[in-house]
Structure formats: structure tokens, C-alpha cells
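Let me begin by presenting the structure, written as C-alpha cells, before commenting on it.
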Amino acid sequence: MTTKTNPILPMLHDTQTMTRLREFEFGNEDFEALRKLVKQITGINLSDQKRELVYGRLARRLRALQLRSFAEYRELLAEDGGQEIVQFCNAITTNLTAFFREPHHFDYLRDQVLTPLLAAAPRRLRIWSAGCSTGEEPYSLAMTVLETVADVKRWDIRILATDLDSDVLERARCGIYAEDRLKNMTLQRRTRFFTERRERDNLCYEATPELKSLITFKQLNLMHPLPMRGPLDVIFCRNVVIYFDKDTQRELFSRVAHLQRPGDLLFLGHSESLFKVSESYTPIGKTIYKRG
Ligand SMILES: C[S@@+](CC[C@H](N)C(=O)[O-])C[C@H]1O[C@@H](n2cnc3c(N)ncnc32)[C@H](O)[C@@H]1O
């Protein structure tokens, strides 16, 4: 997701001047009210430094809705029965992701989870990609499963992929990616798991039905009750809670812990940690935790 920026604005520090130069008036009261709403709905904690980002992303909504001010936008959010809230959340979330991001997690899954299980009788395996964004993470999980488990049909393996943002989830479901999204993927993987197609003259790659068939995509706000029954053998919740404050993280992981049995695994993003957040898990590797 990109923000439209005006090259003159970063040089100006006087808020009054900035307000005059802006297309829409965006006062402190607007920022505080919107930041409170974001926290309440998504758990995302917007720092003061995110003021310009919030303006940039929501100004597009104001233009699309032909509104004249942020005050009008706030009124709409309060009064349209929750319709704009979806677009509001979609605009605020940060969806940066990549195939095989933090590759050591997928190596760990292959070597320490899937390979040892191959020696055992065929069994059930449940993986949850929480905050899956545009799908690169669950498709990478599915590729790891298919590369490691030769006779996948004899297994009961399911990957649940969820996100709050309805736009990214739709893109994840389609599983169609521009050429540059796959630029770091081996040719072997690309040919086995994707088919080439043209979208408006651009070369794209679509995940194969075999890859898609392992994944169920669902919209889920992590601030709401978690509807799955569990147990979940493996949870990838990476680069999601980085935007939550510690109390919100504590509350989330106490609910997540109920979905796992001792020995089940939780993977976090590279700058996330359960230190002072949860005592239900023990660190066993770089951002890899085992349920105690
Ligand atoms: C930076 S992306 C991470 C994607 C992927 N897990 C990865 O590491 O590449 C964070 C995702 O978390 C989602 N997210 C943020 N708050 C959420 C919430 N309260 N419930 C569910 N998803 C949320 C965002 O919509 C976004 O797609």
C-alpha cells in the first residue's frame, strides 16, 4: 500500500501552514478521533508519526466519497451503519508481505514438523496463517507442505488463512500475482505451483488448484472472539501484533494459547516477541515458540 505524498509538505513543520496546503482540513481532533476508532476496531496503535500516513490513506476515501472535510468523514463513519468502517479499516492496515518471507520459518516447518511426521501414520495437521494479507504467506506454507509430503491426499492437512482487510483477502483468494512478486522464487517452484496468464497485457502467475485446495480463506478480526475449535498444530502470526500495544498483545495471545496443545508451535515476525506478553509459550528458535 502506498501513500500519495506532496514533495513540499515534508519540509514544512508549521501545522497551520500544513493545514492550509492540504486538500482537506485535518486537525488534531480529527486525528485523535480516528486513531481512537482504529485502536478500538483493529487493535492497531497509531503513533503520532503516523499522522501523515492516516491523512494520505483516508484522503483517497474522502475523494471517492466526494466529501469536503474529515469532520464529514467522521460523521459518515458514525452514521452509515458500519458500511464505511470496512473501507476505513482496509485503508489503514499495512499489508506488506512476500513469498517465503523470513525463510527460516519455512525450513523449520519442513525439517522439524513435517519431515518427522512423515515417519508416523498419516494424520491431521492444522495450520493457521493469522493476518495473511494478500496470501503469499499461506501459499508459501502450502508449497512447503506439498514439497515435503509426497502423498498429501492420505493426510488431513488444512491451512486456515485469515485477515481483517477484505480487499487483501479477496486478492489472496484469487491467488494471482504480478511477475515481480515471484522474482525471488525458484523456477522449479514457479513452474510446479503457478500457471502463467495475461492480465491486461501483463504477465501474471496464478496459484494452481492443488495449492489453493489446501487453504481456506476467511475474514477474521483478531480483536473478536476466535471462532475456530482447534487444536492448531502451527500458527503463523507474523508482522501483525507489531502494530498492537502490549495489553492488546497479552489479551490476544491468551486467547490464541487456548487453541493450542503443549508442543504446538507459534511463529512471530522478525521484530516481535512474547517477552512480557505470554508465559504460555517457550522460545525455541528465532521468533519460534512452543506452547508449554
Ligand atoms: C504486515 S501484514 C503481514 C502479512 C504476513 N503475515 C507476513 O508476515 O508477511 C499484517 C496483516 O495483518 C492484518 N491485520 C491487522 N490488524 C488485524 C486484526 N485486528 N485482525 C486481523 N488481521 C489484522 C492486516 O490487514 C495485514 O494484512
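Modelled label positions at S271 and L203, each set 7 Å beyond Cα in the direction of Cβ, lie 3.4 nm from each other. If a spin label sat at a point 7 angstrom from the Cα of R158 along the line to its beta carbon, the backbone N atoms of segment 88-127 nearer than 15 Å would be those of 123-127. Please state the relative contact order of the chain as a whole percent: Cα pairs under 8 Å, 6+ residues apart? Dividing the mean separation by the residue count of the chain yields 16 percent.
Once C-alpha pairs closer than 8 Å and six or more residues apart are averaged by separation and normalised to the residue number of segment 170-218, the relative contact order reads 41 percent. Averaged over residues, the count of other Cβ atoms within 10 Å places the peptides 104-110, 146-152 in the sequence 104-110, 146-152, highest first.
The Cβ shell under 11 Å around L65 holds other residues with a net charge of +1, Lys and Arg each +1, Asp and Glu each -1.
Dipole of the chain computed with +1 at Lys/Arg Cβ and -1 at Asp/Glu Cβ about the Cα centre; of Q49, L62, S166, farthest Cα towards the positive end is S166. According to the square roots a ≥ b ≥ c of the eigenvalues of the Cα gyration tensor, what is the shape class of segment 115-189, taking rounded for a/c under 1.5, prolate for a/b larger than b/c otherwise, and oblate for the remainder? Verdict is oblate for segment 115-189.
Treating only the Cβ atoms of Lys and Arg (+1) and Asp and Glu (-1) as charged, compute the dipole magnitude of segment 142-292 about its Cα centre; round to the nearest 20 debye. Before the final figure, lay out each step's value.
Values: 25 positive and 21 negative charges, 72 e Å.
Value, rounded to 20: 340 debye.
Available extension along the chain between I41 and L96 is 17.8 nm, counting 0.36 nm per residue and deducting the alpha carbon span. Can you say what percent of the DSSP beta bridges in the chain, counting only those with both residues inside, are antiparallel? Round to 5. Bridges in the chain are about 45 percent antiparallel.
Compared with the dominant Cα axis of the chain, that is its longest principal axis, helix 51-64 is turned about 80°. The angle between the Cα long axis of helix 70-79 and the main principal axis of the chain comes to about 60°, on a 0 to 90 degree scale. Ligands, DNA and RNA left out, the 1.4 Å accessible surface of segment 238-292 is 55% carbon and sulfur atoms. Gain on full extension, evaluated as 0.36 nm per residue between R110 and D80 minus their Cα-Cα distance, stands at 6.1 nm.
Please tell me which of these pairs span more than 32 angstrom C-alpha to C-alpha: K39/K286; K36/K212; K36/K183; K39/K153; K218/K246; K39/K183? Beyond 32 Å between Cα atoms: K36/K212; K36/K183; K39/K153; K39/K183. Charge tally for F253 (other residues, Cβ to Cβ under 14 Å; Lys, Arg +1; Asp, Glu -1): +1. When only the Cβ of Lys, Arg, Asp and Glu is charged (+1, +1, -1, -1), the dipole of the chain relative to its Cα centre reaches about 780 debye. Treating the chain as a set of equal point scatterers at the Cα positions, no solvent, please give the Debye-formula log₁₀ I(q)/I(0) at q = 0.07, 0.10, 0.12, 0.13 Å⁻¹. Taking Cα atoms of the chain as identical point scatterers yields -0.31, -0.62, -0.86, -0.98.
Only helical runs count toward this figure. For the chain, summing -39,500 (n - 2.57) over DSSP H runs of n ≥ 4 and dividing by all residues gives -11000 deg cm²/dmol at 222 nm.
The angle separating the long axis of helix 246-257 from the principal Cα axis of greatest extent in the chain is about 30 degrees.
Overall shape: prolate for segment 44-164, with the ratio a/c of the largest to smallest alpha carbon gyration tensor axis at 1.5 or above and a/b above b/c.
For segment 95-241, the square roots of the Cα gyration tensor eigenvalues, ordered a ≥ b ≥ c, give a/c of at least 1.5 with a/b no greater than b/c, which places it in the oblate category. Relative contact order of segment 118-213: 29 percent, from C-alpha pairs under 8 Å at least 6 residues apart in sequence. Go through Y177, V113, T134 and say which Cα lies farthest out towards the positive end of the charge dipole of segment 103-185; charges sit on Cβ, +1 for Lys and Arg, -1 for Asp and Glu. About the Cα centre, the residue reaching furthest to the positive side is V113. Figure legend: label point modelled 7 angstrom from the Cα of R255 along Cα→Cβ; residues of segment 107-135 with amide N under 14 Å from it are 130-131.
The values are calculated or read from the model by the stated rules, or taken from the named source; none is laboratory data. What you are looking at is a predicted structure, and each value in this text was computed from that prediction instead of being measured. With ideal geometry, Cβ positions are generated from the backbone for all residues, glycine too; neighbour counts draw on all protein chains shown. Areas reflect the complete protein model, heavy atoms only, side chains present, ligands, DNA and RNA absent. Shrake-Rupley method; radii C 1.70, N 1.55, O 1.52, S 1.80 Å.
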